[in-house]
Structure formats: C-alpha cells, structure tokens
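Remarks on the structure that follows.
The values are calculated or read from the model by the stated rules, or taken from the named source; none is laboratory data. The structure displayed is predicted, hence computed values, not measured ones. Please note: Cβ atoms are built from the backbone with ideal geometry, for glycine as well, and neighbour counts cover all protein chains shown.
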C-alpha cells in the first residue's frame, strides 16, 4: 500500500516524476482519471481492471451511478512510466486538476491508488479537513 506525499514540478510536456516509493506500485502501467475532489486518481492496471468489472454491472436505470461511470471513464487515460520514471498527464486532465495554473504537483499515496494534486488544491483539502469540527469524532473509531 503506497503512502506519503511528494512534491514535484510538471515539465513543459506535462510530465511528472513518480516518487521512488511508488514506482513498483504502477510499474506495469497506470490508468489516470478524474478524482472526486479535483485531483487525479492513478490506478495500477490490475486495480483498474477490478474497477471496470464492478462498473460494468451498474444498472442503466441507476442514474447517479451512471454519472459516476461517465465521470471516471470519460477522463480515463492509460499510460506507462518512461525511462525517467515520469508519466505524461493529458492536457484535459491537467486542466481538470488545476495543474496548468500552478505547475506544481503533489503525488500522494492512498490504499488502492495514487492521487495527483495541484499543490494549492492539496493544501486547501488538508486545511478543510483540519478545520472540520467533526474530524476528531470521525477519526476516533478509525485510529483509536
């Protein structure tokens, strides 16, 4: 399970370096798609295959679920790390995640994926979490 956060700059071609601790996690390839909080999700291919199987079973009449399927699939892009351990972020996904404006990215580990945030959005997300008065209660059952 990948964990930690690492800051990198995007280069002029929209590439970002994958931090050394995360490289083995996506060495066979990665699917990049839109995340739910304005970030990008980076799924290893085997994890994306499991997600695809689940999404194929979503009933057509379940409108909210179909909207999620559309959201994830329409932004999905399959890629691999290059010889310098970089991945190229497509322009539409860079725009979605706010990476074009800042040029600074934070690569974050999560249990089943990596997340790619623009630096300003990452800190905004962290601050929202810290300012939430229910945070201590919500965490009590999770981490003791």
I'd like to check something: does region 8-15 contain any residue that is over 23 Å from residue 124 (Cα atoms) and part of a helix (DSSP H, G or I)? no
Return the total of residues in region 26-57 being part of a helix (DSSP H, G or I), modelled with pLDDT of 90 or more and out of contact with any strand residue (DSSP E or B) (no Cβ under 8 Å at 6 or more places or on another chain). 4
Over region 46-56, the set of residues under 19 Å from residue 27 (Cα atoms) and surrounded by fewer than 14 Cβ atoms within 10 Å (Cβ to Cβ) is 46, 49, 50
Can you pull out every residue in region 113-139 that is at pLDDT 90 or above and in a helix (DSSP H, G or I)? 119, 120, 121, 122, 123, 124, 125, 126, 127
Does residue 142 satisfy the criteria of being at pLDDT below 80, assigned to a helix (DSSP H, G or I) and closer than 23 Å to residue 2 by Cβ? yes
